[in-house]
Every structure is written in C-alpha cells, then in structure tokens.
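Just so it is clear, none of the values below were taken in a lab; they were calculated from the coordinates. A quick note: this is a predicted structure, and the numbers were derived from the prediction, not measured. Neighbour counts are summed over all protein chains in view; Cβ atoms, including those assigned to glycine, are modelled from backbone coordinates with ideal geometry.
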Amino acid sequence: MEKSIHYIPAGVCSQAIDITVEDGIVKEVYFEGGCHGNLQGISLLVKGMKIGEVINRLEGIHCGYKNTSCPDQFAKALRILEQK
C-alpha cells in the first residue's frame, strides 16, 4: 500500500518534505529548500530502505546550535506517515 505526506518542517532551513512510501519502504523523498546537495544525497541514500531503519539512523541529529535538523525532521515526518 502506498502512502505519502507533505510535511512542513520546523526549525530548519528546508520548507517542505514530500515523502512516498510503499509497504513500509521509502520510495521517494523530495526536500524543498535547505542544503540542496546534502538533502539530495540523503534522498537517494534512503530510497529503498525500511521506514524504521531510516528513523533509527536520522532521528535526533542536530544542525549546529539547533535542537533539530532536516534529517531529524524527515524522521519525524516518517513517524507520522507510519501511523497513517
């Protein structure tokens, strides 16, 4: 079953994260704004991974002095999507 979310992150440079998963596997990820090269790399690296594995790897990452990061916000969006 395919699920998707348009997530508006808080406290980071990216303005939106669009995620599509199918049967618990990350299918597509698109970050709007933020550090384009890094976020494009993350999007490609997580493609094909299980949601839980992505959350375990990215949750809790901080960006400089911030209490969150784009990867952490991505993990939060996946948690929401997981519960849909």
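For the pair GLU22/GLN83, report the inter-label distance in nm, with labels modelled 7 Å from Cα in the Cβ direction. With each label point 7 Å from Cα toward Cβ, the separation is 2.7 nm. Using the Cβ-Cβ distance between MET49 and ILE5 with R0 set to 22 Å, the FRET efficiency works out to roughly 0.85.
Here is the list for the range 11-68: chymotrypsin sites (Phe, Trp or Tyr not before Pro) lying in DSSP coil, each with at most 10 other C-beta atoms within 10 angstrom of its C-beta, are TYR65. Taking only Cα atoms, what is the 0 to 90° angle, nearest 10, from helix 70-82's long axis to the longest principal axis of the chain? Once rounded, one gets 30 degrees.
Of the trypsin sites (Lys or Arg not before Pro) found in the range 1-61, the ones in coil according to DSSP and having at most 15 other Cβ atoms within 10 Å of their Cβ are LYS47. In terms of Cα to Cα distance under 18 Å, which lysines are near enough to LYS84, apart from those fewer than 8 places away along the same chain? Within the straight-line cut-off, LYS84 pairs with LYS3, LYS27, LYS50, LYS76.
Taking 19 Å as the cut-off, the amide N atoms of the range 1-31 that come nearer than this to a point 7 Å along the Cα-to-beta-carbon line of ASN38 belong to 8-18, 29-31.
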